[in-house]
Amino acid sequence: MKMSQKTALTITVIIFIALLAITFVASRKNPGALNNETSDIAKETALQQYGFYLQPVNEEAGITFRHICPDVDPKVSNIKMQIASVGASASVCDFDNDGWSDIYFTNSGNGSMNALYRNLGNGKFEDVAAETGVANVNIKGTGASMGAVWGDYDNDGFKDLLLYKWGKAELFKNNGGKHFERITEGSGLPDWANINSAIWFDFNNDGLLDIFLGGYFKEIFHLDSLNTTKIMPESFKYANNGGRNFLLKNMGNGRFGDVTKQYGLTTNKWTLAAAAADFNGDNFPELYVANDYSVDEFYLNKNGETFEEIGTEAGVGHIPKSGMNATFGDINNDGNMGVYTTNITEKGILIQGNNYWQPKNGGTQTPSFVNLAQLSGIENAGWSYGAQFGDLNNDGFMDLYVANGFISAKENTSYWYDYSKVTGGNSNIIGDAKNWPDMEGKSQSGYKEDKIWLNNSDAMFEDVSGKVCPPVTYDGRAVAMADLWNRGVLDIIVANQNNIPTIYKNTLAGNHHWVAFDLQGTVSNADAVGARVQIEWEGKKQVQVVTGGMGFASQNQHRLHFGLGAGNQIDQVTIYWPSGRVDKIQTPTIDKLHIIKESQH
Amino acid sequence: MQQQEYGSPRNFISEWTRKNFQYIPPAFITLILLTGQVTFGILDSYVNLIVAIVTSVVGEVVLARLVLGTRKNLASAYITGISVGILIRSNVIWPYFVTALLSIMSKYVLRYKGRHLWNPSNFGVSWMLALSTMNVAGLSMQWGSNLAAMSVIWILGLIIVNRAKRLHVTVTYVASFVILAYIRCLITGDAFLAELSPLTGPMYQLFIFFMITDPPTSVSTKKGRIIVVILVAVVEFVLRLNHSIYAPFYALCMVGPVAKFIDLKMNSPKEQLKPAGAMGS
């Protein structure tokens, strides 16, 4: 008996030591690490292995913009970098309808200028913000720009500009692609709100684009002139003391009516991102709202007459994280778009993980989702902000770019310990900025590379960060994708906080094919926001949707780009317009941009 | 009928509590969990918690039988499992299994004079957090701002540790933490409330009521326990000055076993069985 116990103890000790050793070795191997290791893989090798290479071309393109952080009141200067950590945005739009995608960058410091880079079509861009009237928009007392989205609210064929701020949001009417007219006064936009997210969408399918604005800080605060320091979230995970959201219905005369309460969007969470698309096949767009310090929300559109928040039932509202992005992508070519949201992962400290919400009952009245981020290998990125799906090597599968990094200040410093003290505390402590330890120039999840995940087919992603582009460790915020040089290739624009943006020109290898569609609504809204395009080829089926902004503080090009791989024929394209009309195109020409007008029959 | 035997309801409750005190701490930690879950939904997944509890309980049953040739009351293992389930945060399941297993195994492997030296969950959680892996983090975030719920937990916790004759441990630790938080704020220049802040979070509720009060890993005298817990607070103070987020766990992990070892060296254990008033995890 004694021998038996001794043997058992010996075995127990061996297993115990083995467990300690295995966990130790595994932790040092650091799989999926969020490190800054970069690879020296040359461009040619990247092209050979992954089929694409991203080269920063700011200088060649003539883009000299640099973002400046918003100013904050000296009362909260101890955590200025925390508060002023957003504001860099990028939105793509062909504002002058010349067939070339242009880029609008927001700036945030008092007196700083926003930039509208007109694509000259020769590889160069020219900042025309000042001459068109959308540059000088950060005048002290009017607030700081946080982002912008383009939408043709009056269906005149030119996209107008909605600029959202910590302050007074602005609406600029696009007069023929030559000049912007400020029509904010009387438009119905809020007098003052701390907005960090906005999208255009036609929630009632009346053919007029409406607006959603997501509030972050409470609208009573002017962050550069505060009379209190009690401005912070009441909880790191369960905060309901953020800014209100706004649902603004387009009344058709350049005026927008506030229907927020009427439509049931009454929460006060800290909203950082939103995106809209129809998830139950009734043509009315649902609204996904990503919230910091809380759970995300999913608003079911009930025939355009009201919204019902069903985040918990839909599966997306169970676990509170730090929602900072909402973007759509059909990652396994099954004709269903999922929602990718970003959060925070800092090893050993905070493991939230990003989410990919795959619909599990496509087309039913009440959508529900399952999180496939872990299975797909796109869960852990770092302190992520904006993200976009796009087929970067035209192989027929949507890849993923995620902006990363929170605050890159003094190198080899970390604010995480100080942060954990207050974020673990009671609301009276965390909610008051004066209790937060002074950052003293410390970094927090800084100097991180953005994540680039290559979809190796059927939603299995490979981390190719640092292998398909030179190392860049700016604090990425907004990500937008566009075919900037009309080559049938998706290029990437990343707006970096307090820094220059990164303009990646994408070079492809191989003979992959592509097709793109630029939709124009006739019965539906002119921008065709909400229209869904499904292409079928070689037994595959991919869906994309036209949005009026998605991601974080970003907007992709208006046209939808599909990689086809080696496929040299598309069997069928089906376009589901918001109006309910369905257009089908048989075997469209590939390697071509198709401009499609909604049929009126 | 039973009530009449004790004369009055008060006596009945008192007697029942005395005889069945072993079930109070598990019930209390379950209450903390339920409060957090009902009010805020703190559990990302029930599966993780169940894995931790089952691993811990099954581990205890098997190891007690095979290594010690005895049967053990499973209250302690249950508390270990639930502590691991709450204190470890991960998006994958294996850390809950491994942490619970390491915790229970440490009771049977890291022993001196027939007594285990480390508080089980303190050992397991400290090890996993110290590795700083991509898959494991600790519970360092406030569940919410519900002062009423927090007050109930504190009051109940204090009553129970009092009943377990460990109130002096909890009170000494809290007092030491507050004093040292004030000294830290003088050193760092940060607000006193910032230094005090962690004490208001759930991580400390578990630490104060279940880890530092654990009878099997406490030293034998009241005076000794007070000295040890002050030392834990001091080591935590030093670790905090060095920006260690999980300082309390590491401090107990370092001080507790050394103190217990010295105590066992100086005083032979009077009994091998855990006292009835165990709060330990």
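Computed on the stretch B:2-266, with alpha-carbon pairs under 8 angstrom and 6+ residues apart, the relative contact order is 17 percent.
Across the stretch A:361-458 the C-alpha pair distances fall into 5 Å bins from zero in the proportions 2, 11, 13, 14, 14, 13, 11, 9, 7, 4, 1 percent.
Solvent exposure of B:His168, expressed as accessible area, is near 30 Å², computed with a probe of 1.4 Å over the protein chains only. Over the C-alpha atoms of the stretch A:504-596, the Rg to Rh ratio, Rh being the Kirkwood estimate, stands at 0.98.
Which of rounded, prolate, oblate describes the stretch A:201-345, given a ≥ b ≥ c as roots of the alpha-carbon gyration tensor eigenvalues and a/c under 1.5 marking rounded, otherwise prolate only if a/b is larger than b/c?
Values: a/c = 2.09, a/b = 1.20, b/c = 1.74.
Since a/c reaches 1.5 but b/c is at least a/b, the shape of the stretch A:201-345 is classed as oblate.
Spatially, the stretch A:248-321 and the stretch B:193-257 are offset by 45 Å when compared through their Cα centroids.
Taking all protein chains together and rolling a 1.4 Å probe, A:Asp458 ends up with roughly 100 Å² accessible. Note on the stretch B:2-266: with neighbouring protein chains present and a 1.4 Å probe, carbon and sulfur make up 68 percent of its accessible heavy-atom surface. Taking all Cα pairs closer than 8 Å and separated by 6 or more residues, the relative contact order of chain A comes to 16 percent.
Rounded to the nearest Hz, the phi-derived 3J(HN,Hα) couplings of the stretch A:182-193 under the Karplus curve 6.51 cos²θ - 1.76 cosθ + 1.60 (θ = phi - 60°) are 6, 10, 4, 4, x, 7, x, 5, x, 5, 7, 7, where x marks glycine and proline. Dipole magnitude for the stretch B:2-266: about 960 debye, using +1 per Lys or Arg Cβ and -1 per Asp or Glu Cβ, origin at the Cα centre. Toward the positive end of the charge dipole of chain A, with +1 on the Cβ of Lys and Arg and -1 on the Cβ of Asp and Glu, the farthest Cα among A:Gln586, A:Gly157, A:Tyr117 is that of A:Tyr117. A Gaussian network model of chain B, with springs between Cα atoms under 10 Å, assigns the largest mean-square fluctuation among B:Phe97, B:Phe40, B:Phe28 to B:Phe40. Sorting A:Thr312, B:Thr80 by solvent-accessible area of protein heavy atoms yields A:Thr312, B:Thr80, largest first, with a 1.4 Å probe. For the stretch A:149-156, putting each phi into the Karplus relation 6.51 cos²θ - 1.76 cosθ + 1.60 with θ = phi - 60° gives couplings of 9, 9, x, 8, 5, 10, 6, 9 Hz, in residue order, rounded to whole numbers and with x for Gly and Pro. A 1.4 Å probe over all protein chains sorts A:Lys178, B:Lys72 by accessible area into A:Lys178, B:Lys72, starting with the largest. Annotation: extensible slack from A:Ile14 through A:Gln572 equals 194.7 nm (criterion: 0.36 nm per residue apart, minus Cα-Cα distance). Inter-chain Cβ neighbour count for B:41-54, averaged per residue, equals 2 (cutoff 10 Å, partner chain atoms only).
Computed on the Cα atoms alone, the convex hull of the stretch B:2-266 gives a volume of 148 cubic angstrom per residue. Listed by chain and number, the aspartates and glutamates whose C-alpha is less than 15 Å from the C-alpha of A:Lys80, apart from same-chain residues fewer than 8 away, are A:Asp71, A:Asp224, A:Asp418, A:Asp432, A:Asp438, A:Glu440. Computed with a 1.4 Å probe over protein heavy atoms only, the accessible surface of chain A comes to 33 Å² per residue. Computed over the stretch B:56-174, the range of Cα coordinates on each principal axis works out to 45, 39, 22 Å, biggest value leading. Within a straight-line Cα-Cα reach of under 16 Å, B:Lys19 can be paired with the following lysines, leaving aside sequence neighbours fewer than 8 residues apart in one chain: B:Lys165, B:Lys274.
The phi torsions of the stretch A:113-121, fed into the Karplus equation with coefficients 6.51, -1.76 and 1.60 and a -60° offset, translate into couplings of 9, 7, 10, 10, 8, 7, 7, 7, x Hz, rounded to whole numbers, with Gly and Pro shown as x. For the stretch A:1-160, the alpha carbon positions stretch 91, 53, 33 Å along the principal axes, listed from largest to smallest. Among the listed pairs A:Lys165/A:Lys360; A:Lys321/B:Lys107; A:Lys237/A:Lys347; A:Lys269/A:Lys360; A:Lys6/B:Lys260; A:Lys269/A:Lys451, those with a Cα-Cα distance over 29 Å are A:Lys165/A:Lys360; A:Lys321/B:Lys107. Pairs of alpha carbons in the stretch A:153-243 separated by more than 16 Å make up 62% of all such pairs.
Highest mobility in the GNM of chain B, judged by mean-square fluctuation with C-alpha springs under 10 Å and restricted to B:Ile179, B:Ile226, B:Ile153, is found for B:Ile179. Relative to the Cα centre, the charge distribution of the protein assembly as shown, modelled as +1 at Lys and Arg Cβ and -1 at Asp and Glu Cβ, gives a dipole magnitude of about 5660 debye. The stretch B:28-63 and the stretch A:568-598 have Cα centres lying 53 Å from one another. Around the amide H of B:Arg89, modelled in the peptide plane, lie the amide H atoms of B:Ala137, B:Gly138, B:Leu139, all under 5 Å away and 5 or more residues distant in sequence or on another chain. To the nearest Å, what is the center-to-center distance of the stretch A:198-220 and the stretch A:468-534, using C-alpha atoms only? One Cα centre to the other: 23 Å.
Listed by chain and number, the aspartates and glutamates whose C-alpha is less than 16 Å from the C-alpha of B:Lys113, apart from same-chain residues fewer than 8 away, are B:Asp263, B:Glu271.
For the protein assembly as shown, take the convex hull of the Cα atoms, compute a quarter of its surface area, and give me that in nm², please.
Over all viewing directions, the protein assembly as shown projects a mean Cα-hull area of 39.9 nm².
For the set A:Trp453, B:Trp16, the ranking by accessible area, highest first and with no ligand, DNA or RNA atoms included, is B:Trp16, A:Trp453 under a 1.4 Å probe. Between A:Thr413 and A:Asp458, 0.36 nm times their residue separation minus their Cα-Cα distance comes to what? Using 0.36 nm per residue and subtracting the Cα-Cα distance, I get 12.2 nm.
Overall dimensions of the stretch A:82-207, expressed as equivalent-ellipsoid semi-axes from the Cα gyration tensor (√(5λ), whole Å, largest first), are 22, 19, 13.
The values are calculated or read from the model by the stated rules, or taken from the named source; none is laboratory data. What you see is a predicted model, and the numbers here were worked out from it, not measured in a lab. Because the Cβ atoms are built from the backbone with ideal geometry, glycine has one as well, and the counts that use them run over all protein chains shown. Heads up: the accessible areas ignore ligands, DNA and RNA and are worked out on the full protein's heavy atoms, side chains in. Shrake-Rupley method; radii C 1.70, N 1.55, O 1.52, S 1.80 Å.
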